Every structure is written in structure tokens, then in C-alpha cells.
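**Q** Next up is a structure, given as C-alpha cells.
The values are calculated or read from the model by the stated rules, or taken from the named source; none is laboratory data. Predicted model, so just to flag it, every value in this text is computed and none were measured. All Cβ positions, even for glycine, are placed from backbone atoms using ideal geometry, and neighbour counts span all protein chains on display. The protein model used for the area step is the full one, side chains on, heavy atoms only, and it has no ligands, DNA or RNA in it. Shrake-Rupley method; radii C 1.70, N 1.55, O 1.52, S 1.80 Å.
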Amino acid sequence: MASSSSSRPRTWRYRVFTSFHGPDVRKSFLSHLRKQFSCNGISMFDDQRIERSQTIAPALNQAIRQSRISIVVLSKRYASSGWCLDELVEIFKCKEEIGQIVMTIFYEVDPSDVRKQTGDFGKVFNETALVKRRKRDEMEPSFERCGQHSRRAFPKLSLLHLGDEDEAMIVGISGPAGIGKTTIARALHSRLSSGFQLTCFMENLRGSSSNGLDEYGLKLRLQEELLSKILNQNGMRIYHLRAIPERLCDQKVLSFLMMLTICSNLRLWLMKLSWFGPGSRIIVTTEDQELLEQHDIVSHTMWIFQLTKKLVRSL
């Protein structure tokens, strides 16, 4: 007969433990994550009072085992830290031994490089493993499982259908204010720009300042601003609303539009697929998820917002 203690539900001291490389994400992605978790009443272990050294601190091992969920944020230099690698091993031990939930986030790193230890991530990992005399077969299963969990938990760039060169496409990044939509858009712009003939990143469209212009005049102003950005030519002047499609209908364009101050009747007008050539992608960020749904725009809900909702359901 099993003892009565084995049938008792486990008590968790923390809801979430995060494993991450501090210089990569502490002041950017992690700060947004911590803020959103706090707003939703999700307790997250804080490691800032623990002194870092060459070996993982006993307090961290204890915190991992006392957490209901572990989130592994795999960034470019994650594998440069022997401390992080020790955390990863302990996390997957807890998954197998006590049923801990493990989620992974790829932050500016290719999932295949993590699973196969290739690219910049693999180079850093191999250097760290050599210095620590760590056995590769101890870590590789953990990285492979990280890849599997992340594919299930988070949306991927496959939503952009980058291999489809036959048609243009609009993709939305939605979520509440202040959780990093623009940061994600900037990362995507940096990563994808080389695959397009022309690109632009418009963070602050001036659509809310009409200065007495009627709707036609305002549309001209917005087209001038957009075309100037795409062609990298300041002070362009246009005199009719066919200027963009006439110049760009045969160009593969990557356009990022931050819908911060644009009034609703101009938002969709700016997202004209017919303006751009085959293979173009228009990526818009907005807090208005309903706007995207109403017009059947593929929506890439902000990772942090989606993750928070997933954790709330899990707890």
C-alpha cells in the first residue's frame, strides 16, 4: 500500500522558474515577461540576490524543484553559461521525476540550431562544453526536448508563409500595450529584411494629425510618408493615390506598420495588398485584435500575452 504522503498533492512555492542568460534578455524580454506575470498574479522566482559563480547555487536547484512550471528562454548566448546548462539539466530532471511543466522560448535564435547544436548557438555551446569537460550526450536530449515543447507552445514564423512567392500577405501582431510588440517587430525586421527587395519600418505614422486636411489629403500625406520610407528618399511628393502601386506593384516588399495613432478608417486602407508585388509581406502591430479578426487577417498574438494566458489556465 502506498503511504498517505505519496497521495498528497504537491505544494509549489513558486508558480514559475525562468532559466535565461541575463545579458541577453534581463532588461528586455524578461522585464516584459515579469511585468505581465505580475499583472496576472503569477509568482516568478527572482534570482537577482543570488551571487553567480562557476557552479549552480544550491538555492537555484531548490527553486527549480519548488516551481510548478519552468520556462527556458534560449537566446544566442544561453549556452555560453555553464550555470544555464546546469539549470537546464536540473529542469528536465524535474520534468521526469516530479512532473514539472517545461516551456521553451527561442529568443532571436533558430530552433534548429538549438536542437542540432549548430550555427552561432552550437559554436558557443561547444566552446562551453569543452571548457567544462561536459559530456555532449548529457545536454543533447535536453535541447531536443526544448525544441519539441516550443513548437507546441508558441507561434512560429511559418505564419508568414515565407516560402510562398505567389502572393502578398498581411500578418498582424496583436496584444496589450507595453508588452513588446514593437520589440518583436524590430527583431523580425532585422532577421527577414535580406530576403526582400525593399523594406520599411514605420513606428510612428502621423495619421492622427490631419492639420486641416480632408480625407483625400490625409491619404496623400500617408502615402508620401510610406513611399519615402520604402524607397529611402526623404521629402517625396506625390499627387495621386496610385503612386505606390505604380512604383511597387512588381517589387517584393517587407513593410512593418505600427498602428499607434491611425484612425480606424485609414488602418485597412494602408494595408493594400494590391500595392505590392508577389511575395510581399505587410506586418502590422495593434492592440485591436478584433480589427484583425473582422477582416480575416492572419494574427500572430504576442508571445508573452499568449504565454500568460496559457500559464493562468495551467495553474
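**Q** Kindly report, to the nearest 10 Å², the accessible surface of GLU287 as traced by a 1.4 Å probe over protein heavy atoms only.
**A** It works out to around 120 Å².
**Q** Considering only the other residues whose Cβ falls under 14 Å of the Cβ of TYR78, what net charge follows from Lys and Arg at +1 and Asp and Glu at -1?
**A** Spelling it out: positives minus negatives among the neighbours equals -3.
**Q** On to the next question. Please work out the average accessible area per residue across the range 209-255, using the 1.4 Å probe convention, and give it in Å².
**A** That works out to 57 Å² for each residue.
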